[in-house]
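Quick notes on the structure that follows.
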């Protein structure tokens with residue numbers, strides 16, 4: 001191909017430019033047992049390409065991750081990695097000047113965008129162009145690719161999608177989740193059990209730039225950086241580390257909210273599978289009214305592994321995690337059912353589980369609280385008479401469950417109270 005391109009004539013450049021996008025895609029997409037063979041093919045390709053580099057004007061390669069490729073990363077003329085070079089720090093995003101010029105231009109009716117945000121997105125009548133610029137900065141700016149960067153850059157794809165939709169949609173969640181990250185989450189979601197609400201994440205500079213021999217050996221923070229979920233944190237207070245440590249952070253609101261949505265989906269699936277695995281023991285504990293055993297199963301197999309789901313400390317997170325687990329446990333068996341957020345004329349039930357056992361129907365009604373006594377949850381069930389719609393069943397069991405930052409301590413604290421207020 002290089003020979004043919006160099007002989008085209010007709011005023012074509014005799015020295016071709018080779019551009020290879022997503023060189024690592026075959027490595028990421030292949031099965032684990034195929035990895036070494038795929039790596040060998042890609043390496044041999046780059047060996048040939050490297051041997052002909054003198055015949056090319058230049059060769060440009062992009063990818064999400066950086067692997068050891070014998071044809072690309074070895075020898076005196078190995079490729080230059082520009083990922084952290086200050087000359088290219090603003091190459092792949094819109095700068096502040098770009099956004100200002102965009103607002104000054106006539107390509108988009110800015111006032112029309114503002115009016116739509118007022119009408120459809122709840123922005124106040126006094127919402128201004130200056131406020132729109134600040135919201136765009138908070139939501140889409142903040143990418144820094146070198147410690148010497150003068151300014152952050154905006155995600156160009158998200159900016160363009162915003163002006164198309166005239167709304168702060170979460171484009172990153174739908175279009176910005178590389179396959180490699182999703183594969184890592186699917187393989188081991190608990191690897192991502194970190195306090196993602198921290199402002200900054202430190203990592204040794206050498207370890208951060210290390211080239212990894214395989215897909216399975218990429219540490220979490222470099223992986224999050226390479227896939228665009230973290231960027232350089234240029235807080236001046238980090239200078240004291242004498243350049244031995246990099247600090248990473250979320251670039252903006254869009255990316256941070258996207259990560260939480262993705263983690264929520266994966267952890268819900270993880271807990272559903274965990275519930276299936278514990279189905280027999282969960283049902284046995286409930287049918288025998290072995291409440292301590294039941295709560296210990298929930299605590300150890302569900303709540304103790306769901307740290308990042310409770311970052312926002314809301315009842316919704318608590319409910320989502322517990323429901324995914326119990327739904328898995330009940331749907332794995334016949335004659336059982338679990339549902340959440342069930343509406344009634346007198347309120348909304350958090351979780352309801354129905355068990356048709358020995359031709360007798362038992363209903364378990366859960367009310368959940370965070371940082372409030374379990375007795376408050378039980379009193380709410382009583383005061384709103386949630387169980388009245390199940391009057392014909394053989395047995396009704398009402399369960400008030402609470403959670404705080406120290407799950408095990410809080411659960412055990414209220415076990416006795418919950419047992420005393422459970423009734424038939």
Practice problem: Would you be able to say whether some residue in region 178-191 is at pLDDT 90 or above and closer than 30 Å to residue 268 by Cα? | Solution: no
Quiz item: If you scan region 314-330, which residues turn out to be surrounded by 15 or more Cβ atoms within 10 Å (Cβ to Cβ) and in contact with a strand residue (DSSP E or B) (Cβ under 7 Å, 6 or more places away or on another chain)?
Solution: 315, 318, 319, 322, 323, 326, 327, 330
Exercise. Return the only residue of 164, 247 being modelled with pLDDT of 85 or more and closer than 22 Å to residue 86 by Cα.
Key: 247
Quiz item: For region 307-424, which strands (runs of 3 or more DSSP E) that fit wholly inside it have 2 or more residues that are modelled with pLDDT under 85?
Solution: 336-344, 347-357
Quiz item: Any idea which residue in region 137-161 is surrounded by the most Cβ atoms within 10 Å (Cβ to Cβ), counting only those that are part of a helix (DSSP H, G or I) and out of contact with any helix residue (DSSP H, G or I) (no Cβ under 7 Å at 6 or more places or on another chain)?
Solution: 137
Quiz item: Of the numbered conditions (1) surrounded by fewer than 17 Cβ atoms within 10 Å (Cβ to Cβ); (2) in a helix (DSSP H, G or I); (3) at pLDDT 85 or above, residue 202 satisfies every one except a single condition; which is it?
Solution: (2)
Self-check item: Residue pairs meeting the criteria (Cβ under 7 Å; at least 6 apart or on separate chains; first at positive phi, in region 382-402; second in a loop (DSSP other than H, G, I, E, B) and exposed (fewer than 14 other Cβ atoms within 10 Å of the Cβ))
Solution: 385/346
Quiz item: With respect to the numbered conditions (1) surrounded by 11 or more Cβ atoms within 10 Å (Cβ to Cβ); (2) at pLDDT 85 or above, which one is the sole condition not fulfilled by residue 70?
Solution: (2)
Exercise. Sort out which residues of region 274-297 are closer than 20 Å to residue 402 by Cβ, surrounded by 19 or more Cβ atoms within 10 Å (Cβ to Cβ) and in contact (Cβ under 8 Å) with a residue 40 or more places away in the chain, and write them in order of number.
Key: 282, 286, 295
Quiz prompt | Meets criteria (under 22 Å from the mean Cα position of the chain (by Cα), at negative phi and at pLDDT below 85) for residue 267 | solution = yes
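The values are calculated or read from the model by the stated rules, or taken from the named source; none is laboratory data. These numbers come from a predicted model, not from an experiment. Methodologically, a virtual Cβ is constructed for each residue, glycine included, from the backbone with ideal geometry; neighbour enumeration extends over all protein chains shown.
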